[in-house]
Amino acid sequence: MTGDTWGRAFAKLPDIARVLLVGAVTTIQVTIGALIVAILLGVLFAVLKTAPSRALRTVASVYVEVFRAVPVLTQLFVIYFGLAGIGIRLNPLPAAIIGFGINGGAYLTEVFRAGLEAIHQGQLEGAFSIGMTRPMAMWYIILPQAVRVVLPPIGNFAIGLLKDTSIASAVAAPELMFRARSLVEATFLSTQIYLMVAVLYLAMSLPLSRAVRRLEAAMGRGHQA
């Protein structure tokens, strides 16, 4: 019986692989889109959290605490199902990107805040002394240096985000796990299909991890030069 099952799996391998590859492409799209949103929000709220204004720091702190405390699956449900209840209907793919992006931004806020605070305060004061405003000093002086500090944790976040996108299947986003579950329901080849899914996740995450290490090394050499 086991031999028959594996035989059916090999016979259907091209069709299964085609469907899973489509799902893998969607997974990459969700990951990239959510990462961009998370980085933009992370930078914005990190700057607010280090601002002189107490009100701005409070706004940033509330954002971080709320979205880190609520599970990302709950946030996806609110965005996809909750907003639909008040007439705002989003397709599964943008809903997943927004949900993961907002949640990730709360985590990256602390990453970028640590990066900003790692830059010596004297550089900010020096920028003020030559007539730069705080936003100009942040953009041209502080943030470029902070990137080198935050690159490793951002890379680790991206790898984790790639794997976490499997949760998006809960709101019918057609990513890799959603496609896999649909195939399992149609073929009952659960072992074979989920093994292929594991291989695809490895194929996506390992090159990403290596690329982050190379970029970090390249930026380190540039800083030394």
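So the values come out like this:
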{"read-out": "Between helix 13-49 and the chain: long-axis angle, C-alpha atoms, 0 to 90°, nearest 10", "value": "20 degrees"}
{"read-out": "Most to least packed among 13-25, 171-183 [average Cβ atoms within 10 Å]", "value": "171-183, 13-25"}
{"read-out": "Normalised contact order of the range 128-225, rounded percent, pairs of Cα under 8 Å and 6 or more residues apart", "value": "31 percent"}
{"read-out": "Fraction of accessible area attributable to carbon and sulfur, the chain (%, probe 1.4 Å)", "value": "68 percent"}
{"read-out": "Length-normalised contact order of the chain in % [C-alpha pairs under 8 Å, at least 6 apart]", "value": "28 percent"}
{"read-out": "The range 38-64-the range 159-210 distance, computed between alpha-carbon centres (Å)", "value": "34 Å"}
{"read-out": "Fraction of alpha-carbon pairs over 28 Å apart in the chain - percent", "value": "44 percent"}
{"read-out": "Residue-normalised accessible area of the range 67-197, given per residue in Å² at a 1.4 Å probe", "value": "49 Å²"}
{"read-out": "Rounded to 10°, Cα long-axis angle of helix 176-187 versus longest principal axis of the chain", "value": "10 degrees"}
{"read-out": "Leading residue at positive end of dipole, the range 23-157 (Cβ point charges), from ASN156, GLN123, VAL47", "value": "VAL47"}
{"read-out": "Whole-Hz couplings from phi, Karplus 6.51/-1.76/1.60, listed for the range 143-160; x for Gly and Pro", "value": "4, x, 6, 5, 4, 5, 6, 8, 4, x, x, 5, x, 5, 4, 4, 5, x"}
{"read-out": "Most to least packed among 136-147, 154-165, 205-216, 41-52 [average Cβ atoms within 10 Å]", "value": "41-52, 154-165, 136-147, 205-216"}
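The values are calculated or read from the model by the stated rules, or taken from the named source; none is laboratory data. Computed from a predicted structure; not experimentally measured. Cβ: placed from backbone, ideal geometry, glycine included. Neighbour counts: every protein chain shown. Please note that ligands, DNA and RNA were not included when accessible areas were found on the heavy atoms of the full protein model with its side chains. Shrake-Rupley method; radii C 1.70, N 1.55, O 1.52, S 1.80 Å.
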